[in-house]
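Here the structure is laid out as structure tokens; the discussion comes afterwards.
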Amino acid sequence: MSSDRTGPLGEAFVWIWLPDAVAPVVAGRVVNEGAFYSFNYGQSYLARRDAMAIYLPALPLRRGANVPEPPLIMAACLRDVAPDAWGRRVIINRLRGLKGDAARDVDFDELTFLLNSGSDRGGGRAGFPVLGRNLHAAGAGQRHARGGARGGGPRRAG
């Protein structure tokens, strides 16, 4: 795992909380294809009896790359968990030490913003504690009945 999360990143793993689960599982990975980000469900995830799509119709549960429809560069359900403009400025300040106008021209890729965002954010799919190049996502509308952290592992909004 790389500790440098400020350069263009090639991929990140997406974790999902399945209904009634006490721990997340790897659902697949997001790959930076240059002009867009594709998403592939993992073979082991697809083989699960309880596998479910992260969000239909954007990421149907199937083998192969899910590519966003132009003009999107990433499936909207994944982009939705990225920080907003203010959150991006906070990340730019934390990673580069830049504020105000000096931060305006910093253009990190989407994975850099996703991998450097916190897990204590609001939103439909909050719960993105990130370790190395792992991207943790709570599935659409899925929340564990008790919420919160378990054993220091990935946390979910709840």
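Would you confirm whether or not region 118-128 contains a residue that is open to solvent by 20 Å² or more (accessible area, probe 1.4 Å), in a helix (DSSP H, G or I) and either touching a helix residue (DSSP H, G or I) at 6+ places or on another chain (Cβ under 6 Å) or at pLDDT 50 or above (or both)? Please lay out each step first, then the result.
Let us first name the residues in region 118-128 that are open to solvent by 20 Å² or more (accessible area, probe 1.4 Å), namely 118, 120-125.
Then drop every residue that is not in a helix (DSSP H, G or I), which leaves none.
No, there is no match, as no residue in region 118-128 is open to solvent by 20 Å² or more (accessible area, probe 1.4 Å), in a helix (DSSP H, G or I) and either touching a helix residue (DSSP H, G or I) at 6+ places or on another chain (Cβ under 6 Å) or at pLDDT 50 or above (or both).
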**Asked** Out of (1) touching a helix residue (DSSP H, G or I) at 6+ places or on another chain (Cβ under 9 Å); (2) at pLDDT 95 or above, what's the single condition that is false for residue 9?
**Response** (2)
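Which helices (runs of 4 or more DSSP H) sit wholly inside region 22-102 and have at least 3 residues that are under 23 Å from residue 112 (Cβ atoms) and open to solvent by less than 40 Å² (accessible area, probe 1.4 Å)?
Working: elements: 43-46, 76-79, 85-96.
Fully inside region 22-102 and qualifying: 85-96.
Of everything in region 69-105, what is of a type in the set (Asp, Glu) and over 18 Å from the mean Cα position of the chain (by Cα)? Give them in sequence order. Lay out the reasoning, then the answer.
As a first pass, look at region 69-105 and keep what is of a type in the set (Asp, Glu): 69, 80, 84, 101, 105.
Once the filter is applied, which keeps residues that are of a type in the set (Asp, Glu) and over 18 Å from the mean Cα position of the chain (by Cα), region 69-105 yields 69, 101, 105.
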**Fill in**
Out of (1) modelled with pLDDT under 90; (2) of a type outside the set (Val, Ile, Thr); (3) over 14 Å from the mean Cα position of the chain (by Cα); (4) open to solvent by less than 20 Å² (accessible area, probe 1.4 Å), the one residue 141 does not meet is (4)
**Request:** Name, by its number, the condition in (1) touching a strand residue (DSSP E or B) at 6+ places or on another chain (Cβ under 7 Å); (2) modelled with pLDDT of 95 or more that does not hold for residue 109.
**Result:** (2)
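The values are calculated or read from the model by the stated rules, or taken from the named source; none is laboratory data. All figures in this text were calculated on a predicted structure; none of them were measured in a lab. Counting neighbours? That spans all protein chains shown, and the Cβs are built from the backbone with ideal geometry, glycine included. The area values use the complete protein model at the heavy-atom level, side chains included, leaving out ligands, DNA and RNA. Shrake-Rupley method; radii C 1.70, N 1.55, O 1.52, S 1.80 Å.
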